[in-house]
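One structure is given here, and the rest of the page talks about it.
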RNA sequence: GCCCUCGUAGCUCAGCGGAUAGAGCAUCGCCCUCCGGAGGCGUGUGCGCAGGUUCGAGUCCUGCCGAGGGCGCCA
């Protein structure tokens, strides 16, 4: 899944999978059965009694070979047992024909050593991207007001996805597209000017409370549109920064008018013969590229639709050399995916280089009632208010706890509570306990000796091994989460590790008076490894890892 | 009408085509001589419905039912 040669050391965690896969492949060849077309699958069984690793090759290849799965599995096991791979303690046949590998605890001890040796920067860093340049565009709220609570989900998701891609060997660029041109901006400026003059905003104007507040700051003699944009952007930038979300580029739509990028894009499309004029408007023949209707680029009044600048923007991104464009959109925009794909294809680009994760809607609850998020109504809930109420860490983790494919119910009371029902405390408390152990060790004058002097083989308690098992899964969890564009898989893993650490903490004293010094040493290294894993997970989620709470 | 996403425990949600579907919360019990009890342990009910593909389906396909979101010369 990731390079094992030049790109870095061949770490154990990745290596064990390869070792077992190769051994299975050799055994298959030896008994004269072709491997399944889908390859030799190896998985981590959900149940402990099914071993540490399990393969279904016998099941998957038996039919084509005209063999009985269990008999084939038995032959494979016989071959494998003749020359067992490293760390393998037992190989068993189970169920309809699974081949289950049971490993010695030694492999988990080596995992722990690998974790603390590689550290936060080196462990679980699969090189999936090999330096590929990826542009991740997210939030891109209109500069006509604060970011609202619903933007929080896209912000947390987009930023964590960027962190995942970065960790997995991509050259990531975070961008925020500013729709700072057009009717909405004019209405926003007019609304500010009206409020400043003590008047009602125009019809279809902006009526939120923040317009009054900002209008009070509006200096005399400035362009309310330009000033309003800067005011809104400053507010958005500050709020997002509180949530640990920053951008490499804030890309102005207006700047493309000045640079000529929009007209150049239109000319480009015209030159490719995919544009036609009808009813006084200019259209993109997007139906030639999979869209269900043709789309207007220039309205009959001469104004651009939102689409043409959007196309120009994506054309610009590709011109800047990005091999992959990822746009994080809300569910209310999902219908625009086909036309943007069509536009990119019309421009001669591979539409598959463009992908759009869609975040489903967020329902905000407070005191058991749904809180409205509408921007047009006066009572919008801003992201800043949410952060004030629940704190940035709790907000981020909550947004990332579940798949973006499902509608989210964000209960402000639950997320704000400083209690067990709040997952963020459960996870952060684990990290705080790690630091507490370090602190207590220092107070007692217990120093952690070099790893080479520690006897990790003393770690045989199920609680200890469970922590190591979680850590052994992190590299593949990171890779899977990245490939699936699913940061919530990291959140799930972090919760599991935290839970296992709490269990270890409860049952396995590191510094107790009756704990032998050598065991204390081994457990101090286990604590260190857990710390590395938690730090990696929390960093990917953009959640802080506090030393005390 | 068409398109997208979802439907899993009382609630909020995990679940890479695998073996007896998992967490947290809530309920009810239990655990404080020792590293922070914001913790640990135990306790039960569930894959919306019907077909299909597969050795094997919560997962893939089709239909139905239900929820949310889209179907502008608005952004």
What is the diffusion coefficient of chain A in µm²/s, taking the Kirkwood radius over Cα pairs and the Stokes-Einstein relation at 37 °C with a viscosity of 0.692 mPa s?
122 µm²/s
Report, in degrees rounded to the nearest 10, the 0 to 90 angle that the Cα long axis of helix A:423-443 makes with the longest principal axis of chain A.
50 degrees
Counting only helical runs of four or more DSSP H residues, what would the 222 nm mean residue ellipticity of chain A come to if each run contributes -39,500 (n - 2.57) and the total is spread over all its residues?
-16000 deg cm²/dmol
Distance from the Cα centre of segment A:323-344 to that of segment A:117-163, in angstrom?
17 Å
Could you work out how far helix A:224-242 tilts from the main Cα principal axis of chain A, as a 0 to 90 degree angle to the nearest 10?
10 degrees
Check: C-alpha center segment A:164-201 vs C-alpha center segment A:387-465, spacing in Å is 36 Å
Over 23 Å, how big is the tail of the calculated P(r) for segment A:12-103, in percent of all Cα pairs?
13 percent
Whole-Å semi-axes of the ellipsoid equivalent to segment A:321-450 (Cα gyration tensor, √5λ, descending):
40, 26, 11
Let me know the shape class of segment A:159-271, please: from the alpha-carbon gyration tensor, a ≥ b ≥ c as square roots of the eigenvalues, rounded when a/c is under 1.5, otherwise prolate if a/b is greater than b/c, or oblate.
oblate
Would you list A:349, A:87 from fewest to most Cβ contacts within 10 Å?
A:349, A:87
Below 8 Å, C-alpha to C-alpha, sequence gap of six or more: please give me the relative contact order for segment A:374-496 in percent.
27 percent
Surface/4 estimate of mean projected area, convex hull on alpha-carbon atoms of segment A:82-219, nm²:
16.6 nm²
In a Debye calculation with equal point scatterers on the alpha-carbon sites of segment A:423-541 and no solvent, what is log10 I(q)/I(0) at q = 0.18 Å⁻¹?
-0.90
Fraction in percent of alpha-carbon pairs per bin - 5 Å, segment A:397-491
2, 10, 11, 16, 19, 15, 12, 8, 5, 2, 0
Relative contact order of segment A:12-103, pairs being alpha-carbon contacts under 8 Å that are 6 or more residues apart, as %
28 percent
Only counting other Cβ atoms within 10 Å, I'd like A:472, A:38 sorted with the fewest neighbours first.
A:38, A:472
Before anything else, pin down the relative contact order of chain A: Cα pairs under 8 Å, at least 6 apart, normalised by residue count, whole percent.
15 percent
Give me the angle, in degrees from 0 to 90, between the Cα long axis of helix A:488-507 and the longest principal axis of the Cα atoms of chain A, rounded to the nearest 10.
40 degrees
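Quick note: the coordinates plus some simple rules give every number you see, no bench work behind them. In this text the structure is predicted, and so the values were computed from the model without any measurement. A quick note on method: Cβ atoms are made from the backbone with ideal geometry, for glycine too, and the neighbour counts reach across all protein chains shown.
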